[in-house]
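A short write-up of the structure that comes next.
The values are calculated or read from the model by the stated rules, or taken from the named source; none is laboratory data. These numbers come from a predicted model, not from an experiment. Don't worry about glycine lacking a Cβ; one is built from the backbone with ideal geometry, like all the others, and counts go over all protein chains shown.
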Amino acid sequence: MLISDQQTEQMMVYQVEAEDHFKTIKQVLKTRLDFSSRLLTKLKKDKSVFLNDEYVKYHEEVKEGDYIKILMEEEPNQFTPQDIPFHVIYEDVDVIVINKQPGIVSHPTKSHPIYTIANAASYYLQKKGFEYRIRFVNRLDMDTSGLLVIAKNPYAHHVLSEQMQADLVEKRYITFVEGIVEADAGTIDAPIHRPTEDSIKRVVDEAGQASITRYKVLERYENATMLEVELLTGRTHQIRVHMNHLGHSIIGDTLYGNPDGKLIGRQALHAAYLKFYQPRFKNEIVVKAPLPDDLAELRERLKKEKVEDKR
C-alpha cells in the first residue's frame, strides 16, 4: 500500500503487502503501481528506486513489510516564468487542473514562444518553491476555454494518459452552435482525417481516425443552440469538425464556421467538466468550470434576441 504521509510530487513510498511476497521490485512497480516500461528504464538509469532506503536492482525480491521508495526527480522545463492568469480549480500531489482563459496557447510554439500556459505554470510553481517538468495531459485550442490538466511528474502523466486511452476520463464541453438542433440528443460517429501533413483544418473522411461525439441540447434560441458535448475519442478539433459535419458550426469558429465574428470573437467552446481517477490513490476526481464571462454574455444575448423576436 502507498504510505500517504510520505508522498510528495516527486517521491512515492509503497509498503509491500502479503500478495507481493517474493515478487521482484519490477513486478511490483508494474502490476501494483502501473509504472510504464519507459519510466522504469529511466528510473533504473538514474538509480532512483530504493528498498528499505538502500538502492537495489529491479530483480531484487521483496517481502511483506518492506518499503519501496521511488524518486521521480528530473530537470524542469526551461520556460520563462511569467505572471499570466492561472486559475487553479483543483490541485493534489500529482496534478494541477486549471480553468484556462481563451486566447492563450498551452505550450510555446514558434509563433507563440512566450505568454503561454506553460510560462504561467512555471511562474505559479516558482512562487510555491517548486520546479517540476510541466506535462499537459489534455489539449485545448488557443481560443477554447476551460479545464486543462497538468501532470507534476512522469508517473501521473503516464497513468492519466492510459486512462484517456482506455476511455476512463469523462470530458464534457459547453458550446453554442449556429441554427436550431432539432434532436434533443444524438451521437456523431464520423472519422476525422488530416488531408495533408501541413494542413491545420481537419475533415470528415473514411480515411481518418474513428471519432465519436455525443451531444445534448441544453437551450434553443432564435437561430442558435446551446449544447453539452461529450468526447468519446480525443481527436484534434473533434468537436469543431463534428459540429460542422452536423450542419451546426460553432458560433465564432472562423476555421470551420461563419467568419463574420459578430456575436463573439472566438469559437464558443468551453471545457466544462472532467472526471478522472487520481493517478496513485485511484479515487474519483470530478472538476467543473463555470462559463467564462464572454460565453455567459453570449448566452444572455441569444436569450434576449429570442424574446425580442417573439414580440
Q. Given the conditions (1) in contact with a Pro (Cβ under 7 Å, 6 or more places away or on another chain); (2) in contact (Cβ under 8 Å) with a residue 60 or more places away in the chain, which single one is not true for Arg133?
A. (2)
Q | Single unsatisfied condition, His158 versus (1) in a helix (DSSP H, G or I); (2) free of Cβ contacts under 8 Å to residues at least 60 places away in the same chain | A | (2)
Q) If you take the residues in the stretch 157-183 that are more than 12 Å from the chain's Cα centre (by Cα) and of a type in the set (A, V, I, L, M), which one is nearest to Ile250 (Cα to Cα)? A) Val177
Q. Yes or no: Arg266 part of a strand (DSSP E or B) and either in contact with a strand residue (DSSP E or B) (Cβ under 9 Å, 6 or more places away or on another chain) or in contact (Cβ under 8 Å) with a residue 12 or more places away in the chain (or both)?
A. no
Q: Output the qualifying pairs, or none if there are none: Cβ atoms under 8 angstrom, residues six or more apart or on different chains, first residue in the stretch 49-73 and in contact (Cβ under 8 Å) with a residue 24 or more places away in the chain, second residue exposed (fewer than 15 other Cβ atoms within 10 Å of the Cβ) and aliphatic (A, V, I, L, M).
A: Glu64/Ala18; Tyr67/Ile3
Q. Which numbered condition trips up Tyr115, out of (1) surrounded by fewer than 17 Cβ atoms within 10 Å (Cβ to Cβ); (2) under 26 Å from Phe281 (Cβ atoms); (3) modelled with pLDDT of 95 or more?
A. (2)
Q: Report yes if some residue within the stretch 182-194 is under 22 Å from Val287 (Cα atoms), surrounded by 21 or more Cβ atoms within 10 Å (Cβ to Cβ) and of a type in the set (A, V, I, L, M, F, W, C); otherwise report no.
A: no
Q: Give the residue, chosen from Thr31, Thr41, Thr8, that is among the polar types (S, T, N, Q), within 14 Å of Ile68 (Cβ to Cβ) and modelled with pLDDT of 90 or more.
A: Thr31
Q: Give the residue, chosen from Ile134, Ile188, that is within 30 Å of Lys262 (Cα to Cα), in the same structural domain as Ile104 (by TED's automatic domain parsing), out of contact with any Cys (no Cβ under 6 Å at 6 or more places or on another chain) and not basic (Lys, Arg).
A: Ile188
(Q) Quick check on the stretch 221-232: of everything there that is surrounded by fewer than 21 Cβ atoms within 10 Å (Cβ to Cβ) and in contact with an Asp or Glu (Cβ under 9 Å, 6 or more places away or on another chain), which residue is nearest to Pro102 (Cα to Cα)? (A) Glu230
Q) Looking at the stretch 66-86, which of its residues are touching a strand residue (DSSP E or B) at 6+ places or on another chain (Cβ under 7 Å) and either farther than 17 Å from Leu29 by Cβ or loosely packed, with under 15 Cβ neighbours inside 10 Å (or both)? A) Phe86
Q.
Being at pLDDT 95 or above and outside the structural domain of Ile285 (by TED's automatic domain parsing) is the requirement here; does Asp92 meet it?
A. no
Q: Look through Arg214, Arg266, Arg235 and report the one residue that is under 20 Å from the mean Cα position of the chain (by Cα), crowded, with 19+ Cβ neighbours inside 10 Å and of a type in the set (D, E, K, R).
A: Arg235
Q.
Can you tell me how many residues within the stretch 223-258 are under 23 Å from Gln209 (Cβ atoms) and among the hydroxyl-bearing types (Ser, Thr, Tyr)?
A. 4
Q) So which residues in the stretch 54-65 are exposed (fewer than 15 other Cβ atoms within 10 Å of the Cβ) and either outside the structural domain of Val28 (by TED's automatic domain parsing) or within 30 Å of Ile134 (Cβ to Cβ) (or both), if there are any at all? A) Tyr55
